[in-house]
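Notes for the one structure printed next.
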Amino acid sequence: MMKRIKEIEKKEHIIKLLHDELVRILGEYKILEIPSGKQSRIMFLGLYGAGKTTTLAKIGNWYAKRGKKVIMVGLDVHRPAAKEQLEQLGKKNNLPYFVDFEETDAIKTWKNLKKNTI
Ligand SMILES: Nc1nc2c(ncn2[C@@H]2O[C@H](COP(=O)(O)OP(=O)(O)O)[C@@H](O)[C@H]2O)c(=O)[nH]1
Ligand SMILES: [Mg+2]
């Protein structure tokens with residue numbers, strides 16, 4: 001019994017150490033408040049493979065579950081299959097998304113979105 005308690009304590013201690021270290025690196029956890037009644041945009045910037053698209057779907061889900069109207073927009077016109085990946089995530093998570101498979105210009109894609117949807 002004693003051994004088991006010690007194991008749990010050890011595990012919790014390691015989790016706490018890891019948690020504290022992550023907070024030290026990334027900063028305190030804070031919810032990004034999105035005001036109601038007007039459109040807000042969150043833009044993800046980063047190197048290929050940094051996790052932008054994956055995080056986008058997670059955050060999209062998070063806000064959609066809390067009653068926000070979400071649309072994910074695929075503006076990565078460079079990475080192969082980036083648009084297909086966004087489409088897959090949109091379908092899988094039942095989140096609205098916009099991708100333009102013909103367009104190779106991100107700004108034009110954004111303008112096409114505004115023309116077609118919002
Ligand atoms: N282990 C782990 N892998 C991740 C995470 N986020 C993304 N990935 C993986 O990293 C790779 C690139 O992610 P992606 O979202 O396509 O990056 P993007 O190019 O910045 O859009 C994919 O294989 C993801 O499955 C994460 O939080 N943990
Ligand atoms: Mg991506």
- Message: Placing unit charges on C-beta atoms (Lys and Arg positive, Asp and Glu negative, everything else neutral), compute the dipole magnitude of the chain about its Cα centre in debye, rounded to 20.
- Response: 440
- Note on the structure: Placing one equal point scatterer on each C-alpha of the chain and summing with Debye, one gets log10 I(q)/I(0) at q = 0.19, 0.20 Å⁻¹ equal to -1.08, -1.15
- Query: If one takes the longest principal axis of the Cα atoms in the chain, at what angle in degrees, from 0 to 90 and to the nearest 10, does the Cα axis of helix 2-26 lie?
  - Reply: 40
- Task: Report the extension gain between GLU7 and SER36 in nm, rounded to one decimal, defined as 0.36 nm multiplied by the number of residues separating them, less their alpha carbon distance.
- Result: 5.8 nm
- Positive-end extreme of charge dipole, the chain - chosen from LEU26, VAL99, LEU86 (charges on Cβ): LEU26
- Do any GluC sites (Glu not before Pro) in region 9-67 lie in a DSSP loop with no more than 16 other beta carbon atoms within 10 Å, and if so, which? GLU28, GLU33
- All-pairs alpha carbon distance profile, region 52-116, 5 Å steps from 0, percent: 4, 19, 30, 23, 18, 6, 1
- Message: Using DSSP to call loops (not H, G, I, E or B), can you name the chymotrypsin sites (Phe, Trp or Tyr not before Pro) in region 1-82 whose Cβ has at most 16 other Cβ atoms within 10 angstrom?
- Response: TYR29, PHE44, TYR48
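A short reminder: the numbers here are calculations on the coordinates, not readings from a lab. Being a predicted model, the structure only gives us computed values, none of them experimental. As a convention, Cβ positions derive from the backbone with ideal geometry for all residues, glycine included, and neighbour counts pool all protein chains shown.
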